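Written below as structure tokens is the structure these notes are about.
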Amino acid sequence: QVHLVESGGGLVQPGGSLRLSCVVSGIEFNRHDFRWFRQAPGKQREWIARITPDGISSYDEFLGGRFSASRDNAKSTLYLHLNNLDADDTAIYYCNLPSHPDDYWGRGTQVTVSS
């Protein structure tokens, strides 16, 4: 059974940084693309980044300058580095495994940006 478990969220001041993690189990991790999303209160879920098995990443055009995705295939772990955070980045952040018929999702980790 596939599991994705996010961690690393928390309260951070504007301008601060966080590193989110997502530990994946139940699949051959190094053969799959993964994605990161976020959902802010009252808003639709928003795509942030996609990362290939080789670690090549692509980003939403507005977020890619401050966010960076990486992975450690030996640890079956994804990372999302968040930099220069502001209040608009307050959201629940999710990792995602594209699949058919349904994607797999973690439960998310809350990031709150506030002074």
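The values are calculated or read from the model by the stated rules, or taken from the named source; none is laboratory data. Note that the coordinates shown come from a computational prediction; the quantities given were computed from them, not determined experimentally. So basically every Cβ, Gly included, is an ideal-geometry build from the backbone, and we count neighbours across all protein chains shown. Surface accessibility is based on the protein's heavy atoms, side chains included, excluding ligands, DNA and RNA. Shrake-Rupley method; radii C 1.70, N 1.55, O 1.52, S 1.80 Å.
The number of residues in region 1-39 being of a type in the set (A, V, I, L, M) and closer than 13 Å to Trp105 by Cα comes to 5. The numbered conditions (1) open to solvent by less than 60 Å² (accessible area, probe 1.4 Å); (2) touching a residue at least 40 places away in the same chain (Cβ under 8 Å); (3) in a strand (DSSP E or B) are all true for Ser70 except (2).
Answer yes or no: is there a residue in region 4-22 that is farther than 19 Å from Ala91 by Cα, in contact with a Gly (Cβ under 9 Å, 6 or more places away or on another chain) and in a strand (DSSP E or B). Spell out how you get there, then give the answer.
As a first pass, look at region 4-22 and keep what is farther than 19 Å from Ala91 by Cα: none.
The answer is no, given that none of the residues of region 4-22 is farther than 19 Å from Ala91 by Cα, in contact with a Gly (Cβ under 9 Å, 6 or more places away or on another chain) and in a strand (DSSP E or B).
Highlighted here would be strands (runs of 3 or more DSSP E) found entirely within region 76-115 that include at least 3 residues which are open to solvent by 50 Å² or more (accessible area, probe 1.4 Å), but there are none. Counting only residues that are of a type in the set (Gly, Ala, Ser) and more than 11 Å from the chain's Cα centre (by Cα), region 92-115 holds 3 of them.
So that you can scan it fast, the table gives a plain yes or no per residue for (1) farther than 25 Å from Gln13 by Cβ; (2) modelled with pLDDT under 95; (3) in contact with a helix residue (DSSP H, G or I) (Cβ under 7 Å, 6 or more places away or on another chain):
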residue: Arg38; (1), (2), (3): no, no, no
residue: Pro41; (1), (2), (3): no, yes, no
residue: Glu61; (1), (2), (3): yes, yes, no
residue: Asn83; (1), (2), (3): no, no, no
residue: Ala91; (1), (2), (3): no, no, no
residue: His100; (1), (2), (3): yes, yes, no
residue: Trp105; (1), (2), (3): yes, no, no
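Pairing each residue of region 33-58 that is farther than 19 Å from Glu6 by Cα and open to solvent by 50 Å² or more (accessible area, probe 1.4 Å) with any residue that is of a type outside the set (Asp, Glu) and not in a loop (DSSP other than H, G, I, E, B), provided the two are 6+ apart or on different chains, yields C-beta distances under 7 Å for Ser58/Ala49; Ser58/Arg50.
Among the candidates Glu6, Glu61, the residue that is among the acidic types (Asp, Glu) and surrounded by 16 or more Cβ atoms within 10 Å (Cβ to Cβ) is uniquely Glu6.
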